[in-house]
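This report concerns only the one structure given below.
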Amino acid sequence: EKDQEMIKKKEEEILKFKAEIQALQEASKAAEMSREEMKKQREEIEKSRRAALIDNGLSFDEIREELKIDENAPYILNISDDPTMTGCLIMHLRQGENKIGALQESNIVIKGVGIQDSHCILTCENYDKMTITPLGKSRTLVNGNYLS
């Protein structure tokens with residue numbers, strides 16, 4: 001009789017563990033679907049954002065034309081791990097020195113982690129020669145390579 005009770009108890013425990021395993025598998029499956037849904041949603045948002053920019057007459061070429069910016073003028077374009085954020089900011093550079101940093105008196109104000117008050121100077125000569133001068137202990141990179 002004790003053996004029967006013990007067997008019944010163990011069977012109940014096994015059923016309980018099976019139910020827990022099934023619940024975990026379902027939760028894992030739901031999380032995976034959520035990730036895929038989030039990815040699709042991000043892609044749809046990016047597509048909608050690009051379409052809205054074009055529909056509203058804000059294509060890159062139209063901005064240049066409207067603001068009378070030379071098509072050869074250099075510019076800075078933001079890049080992000082998040083594709084919906086890449087290309088959201090375009091900062092055209094003027095001839096001569098372009099001071100970049102977090103201070104309001106900078107020509108191009110950028111705030112964020114790692115951006116110094118006076119971060120660097122981009123010197124633009126005739127739209128065909130660019131010089132980057134890091135300032136202080138700023139972390140300045142070009143194509144992923146540190147400048148010193």
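The values are calculated or read from the model by the stated rules, or taken from the named source; none is laboratory data. Computed from a predicted model, the values in this text were never measured in an experiment. FYI the Cβ positions are ideal-geometry reconstructions off the backbone, even for glycines, and counts take in every protein chain you see. Accessible surface is based on the protein model in full, side chains and every heavy atom, while ligands, DNA and RNA are left aside. Shrake-Rupley method; radii C 1.70, N 1.55, O 1.52, S 1.80 Å.
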Original post:
Out of all the residues in region 75-100, which are modelled with pLDDT of 85 or more, at negative phi and open to solvent by less than 40 Å² (accessible area, probe 1.4 Å)?
Top reply: Leu93, Asn98, Ile100
**OP:** Go through region 49-69 and count every residue that is outside any helix (DSSP H, G or I), more than 28 Å from Leu141 (Cβ to Cβ) and modelled with pLDDT of 70 or more.
**Re:** 1
Subject >> Subset of region 111-148 [under 14 Å from Ile76 (Cα atoms), within 23 Å of the chain's Cα centre (by Cα) and surrounded by fewer than 16 Cβ atoms within 10 Å (Cβ to Cβ)] >> reply: Leu141, Val142, Asn143
Subject >> Condition check for Glu46: of a type outside the set (Lys, Arg), closer than 18 Å to Thr84 by Cβ and open to solvent by less than 100 Å² (accessible area, probe 1.4 Å) >> reply: yes
Original post:
Which strands (runs of 3 or more DSSP E) does region 86-127 wholly contain that include 3 or more residues that are touching a Ser or Thr at 6+ places or on another chain (Cβ under 6 Å)?
Top reply: 96-101, 120-125
Original post:
In region 5-42, what residues are modelled with pLDDT under 80 and either among the polar types (S, T, N, Q) or in contact with an Asp or Glu (Cβ under 8 Å, 6 or more places away or on another chain) (or both)?
Top reply: Ser34, Gln41, Arg42
Subject >> Evaluation of Asn72 against (1) outside any helix (DSSP H, G or I); (2) open to solvent by 90 Å² or more (accessible area, probe 1.4 Å); (3) modelled with pLDDT of 80 or more (one fails), failing number >> reply: (3)
